[in-house]
Amino acid sequence: MMDRVYLPFDTNPSVPAYSAPPGAVDAHCHVFGPGERFPFAPARKYTPVDAPKEKLFALREHLGLSRNVIVQASCHGTDNAALVDALNAAGDRARGVAVVSEDVADKELVALHRAGVRAVRFNFVKRLVDVAPETVLLGIARRVAKLGWHIVVYLEAADLAGRIPFLEKLPTIVVIDHMGRPDISKGAGHKDFKSFVSLLAENKNFWTKVSCPERLSLQGPGTGETPDYADVVPFARTLVERFPDRVLWGTDWPHPNMRSHMPDDGALVDFIPLIAQDETTQKALLVDNPMRLYWAEHPEKQGAN
Ligand code: 0GY
């Protein structure tokens, strides 16, 4: 285990200039610990700073947002206790994305559903996890599909091509985190990003999160004259314009495992009008899409009532 402490999150983010529409969802964020109550996984690859639910809910209000989708991160492994605790405290204002192993019991899945979990995350990023075999993941996907859940996938651009046959076998909606982590230095006109756009065009059940400009940007925070992460705008804007009903946005607070700098969460909200340029598109990105995916009741779900 590599036990590295990452940068603490910004405890004094700016108030964004952009006002999100009523009901806006931060569809990618995490809760960590507190470690004393919810210990981190022994096999974790980094140790985060505690980022408890109260801080997340306070940030939601500060940024003018209404709801959260809380994603289980690798440092908590398959122990979803901190996530469930946050979901229980948030009531209808949060939904969850869990990480489970193949031996998860049906009754545990039902309990997660009752708490507000609506997806599982498959993490293919080798620096974060020991990646599970695809046959195991496919088995999990088939089980959670019965609950009406979907699959959230985290992978890096270099690994995408090799995983496409697997992704295309998944019997659910598939949400690809952080735009598939494109290489920003290549530009949005490069064939690699075009392939990602084609992948979404060809697979109507594939969605993506236009999130994490702070991880992808080479330019980094702006100078006052230029906005933060301006070099990521063409990528995110392309996806929002091309797939307005299959994109999600999130802060990624508390930005686990960031080493270069800690973003200002207010500036991340101000990234939204740069990538979604009219009110209809903003409402789709921030309200309609996440509500449809995480708050709708699925008639096909079984055993979860
Ligand atoms: C993210 C990104 C990262 C970490 C995790 O599960 C995780 O530990 O997702 C990362 O290091 O790129 O989405 O929060």
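The values are calculated or read from the model by the stated rules, or taken from the named source; none is laboratory data. Everything numeric here is computed off the predicted structure, so don't read it as measured data. With ideal geometry, Cβ positions are generated from the backbone for all residues, glycine too; neighbour counts draw on all protein chains shown.
Please tell me if D278 is charged (D, E, K, R) and surrounded by 21 or more Cβ atoms within 10 Å (Cβ to Cβ). Answer is no for this residue. Do any residues in the stretch 103-132 that are closer than 18 Å to A296 by Cβ and without any contact (Cβ under 8 Å) to a residue 40 or more places away in the chain have Cβ atoms under 9 Å from those of residues that are of a type in the set (S, T, N, Q) and within 16 Å of the ligand (Cβ to nearest atom), where the two are at least six apart or on different chains, and which pairs are they? Short answer, once both residue conditions are applied: L112/N80; A115/N80; V117/Q72; V117/N80; V120/Q72. Is it fair to say M258 is farther than 19 Å from A17 by Cα, among the hydrophobic types (A, V, I, L, M, F, W, C) and assigned to a loop (DSSP other than H, G, I, E, B)? So M258 passes the test.
Among the residues making up the stretch 140-157, those that are free of Cβ contacts under 8 Å to residues at least 40 places away in the same chain and within 14 Å of the ligand (Cβ to nearest atom) are V153, Y154, L155, E156, A157. Candidates in the stretch 95-139 are the residues that are within 17 Å of I176 (Cα to Cα) and more than 16 Å from the ligand (Cβ to nearest atom); of these, the one that is surrounded by the most Cβ atoms within 10 Å (Cβ to Cβ) is R118. Residues being within 13 Å of the ligand (Cβ to nearest atom) and of a type in the set (S, T, Y) are represented in the stretch 71-94 by at least one member. Checked against (1) in contact with a Pro (Cβ under 6 Å, 6 or more places away or on another chain); (2) of a type outside the set (V, I, T); (3) more than 19 Å from P273 (Cβ to Cβ), K186 passes all but condition (1).
Table: residues versus (1) within 16 Å of the ligand (Cβ to nearest atom); (2) modelled with pLDDT under 95.
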| site | (1), (2) |
| --- | --- |
| F166 | no, no |
| V175 | yes, no |
| K194 | no, no |
| N203 | no, no |
| K209 | yes, no |
| V232 | yes, no |
| D252 | yes, no |
| H261 | yes, yes |
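More than 12 Å from the ligand (Cβ to nearest atom) and either under 17 Å from the mean Cα position of the chain (by Cα) or surrounded by 21 or more Cβ atoms within 10 Å (Cβ to Cβ) (or both): does that describe V15? Judged against the criteria, V15 is not a match.
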